[in-house]
Amino acid sequence: MTGALEQVTAWLLARHPDLNGIDPDDDLIENRLIDSLGFLEFLALIERLTGRPVDVEATGIDCFRSLSNLDRAFFAA
């Protein structure tokens with residue numbers, strides 16, 4: 001897991017203290033770890049960690065569905 005992905009995981013766990021961890025393939029949206037109110041904060045976090053703006057329409061929602069997808073879409077070298 002990359003340092004950036006660890007920060008994303010920590011951010012999600014801070015918002016859901018009842019969880020002990022998040023499986024990399026868990027659907028973050030279906031499991032309500034990201035909701036419509038938190039999505040903008042989540043997006044800002046990803047932009048801060050990558051250092052570039054994220055075009056959600058061009059990227060597609062599936063990139064945000066799991067930690068694995070996030071890693072491939074934003075943090076993989």
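The values are calculated or read from the model by the stated rules, or taken from the named source; none is laboratory data. Since we're looking at a predicted model, the values are computed, not measured. For neighbour counting, all protein chains shown are included, and Cβ atoms are generated from backbone atoms with ideal geometry for every residue, glycine included. SASA here: full protein model, heavy atoms, side chains in, ligands and nucleic acids out. Shrake-Rupley method; radii C 1.70, N 1.55, O 1.52, S 1.80 Å.
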For the chain, listing trypsin sites (Lys or Arg not before Pro) in a DSSP loop whose Cβ sees at most 15 other Cβ atoms within 10 Å gives 32
Starting from the stretch 10-77, pick out the GluC sites (Glu not before Pro) whose DSSP state is loop and whose Cβ has at most 11 other Cβ atoms within 10 Å. 30
About the Cα centre, charge dipole magnitude for the chain (Lys/Arg +1, Asp/Glu -1 at Cβ), debye: 260 debye
Give the carbon-plus-sulfur fraction of the accessible surface of the chain in %, rounded to a whole number; probe 1.4 Å, heavy atoms of protein chains only. 49 percent
Dipole of the chain [Lys/Arg +1, Asp/Glu -1 at C-beta], most positive-end residue of 39, 70, 53: 53
For a quick check of your reading of the filter: which chymotrypsin sites (Phe, Trp or Tyr not before Pro) in the stretch 40-77 sit in a DSSP loop and have no more than 11 other Cβ atoms within 10 Å? none
Given the protein chains as shown and a 1.4 Å probe, how many square angstrom of residue 19 are accessible, to the nearest 10? 60 Å²
Would you mind checking the radius of gyration and Dmax of the chain based on alpha-carbon positions, in Å? 11.4, 33
Pulled fully out, how much extra length does the chain show between residue 27 and residue 56, if you take 0.36 nm times their separation in residues and subtract their Cα-Cα distance? 8.7 nm
At 1.4 Å probe radius, can you tell me the per residue accessible area of the chain in Å²? 62 Å²
